[in-house]
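Q: Before I ask anything, let me first share the structure, which is written out below as structure tokens.
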Amino acid sequence: MFRRRRPLLRAAAVGGGAYMAGKHMARKQDDQYAADSDQDQRISDLESQQQQQQQAAPAVAATASSATIDQLKQLSELHQQGVLTDAEFAAAKAKLLGT
């Protein structure tokens with residue numbers, strides 16, 4: 001009777017260990033899936049924000065462009081008259097254009 005009990009205990013221990021290992025792997029896969037889903041959501045949010053910014057940027061540039069063009073014309077006139085040096089003109093132009 002004792003001989004028969006040992007194989008059963010061994011099988012129960014092996015089965016229990018396999019169950020726990022499987023449970024651990026399932027939990028690990030669920031955690032990885034949740035992390036991947038969270039990352040995908042954050043990437044989607046960033047892409048939508050970038051699209052909104054790109055759509056808003058031309059509208060702002062269009063309204064600012066007429067004022068910027070007028071200022072550039074004034075700078076050009078001052079440069080042609082000799083009031084501004086080449087370096088001053090280039091610096092003022094870069095400042096207006098944001099570069």
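Here, each number is a calculation from the coordinates, and none is a lab measurement. No experiment lies behind these values; they were computed from the predicted model shown.
Q: Report the full-extension gain for the segment ALA91 to GLN74: residue separation times 0.36 nm, less the Cα-Cα distance, to one decimal in nm.
A: Going from the current span to full extension adds 4.7 nm.
Q: If each residue of separation counts as 0.36 nm, what is the full-extension length gain between ALA56 and ALA35 once their alpha-carbon separation is subtracted?
A: Result: 4.4 nm gained on full extension.
Q: Name the long-range amide H neighbours of LEU84: under 5 Å, sequence gap of 5 or more, or other chain; modelled H, no Pro or chain starts.
A: For LEU84, the qualifying residues are HIS79.
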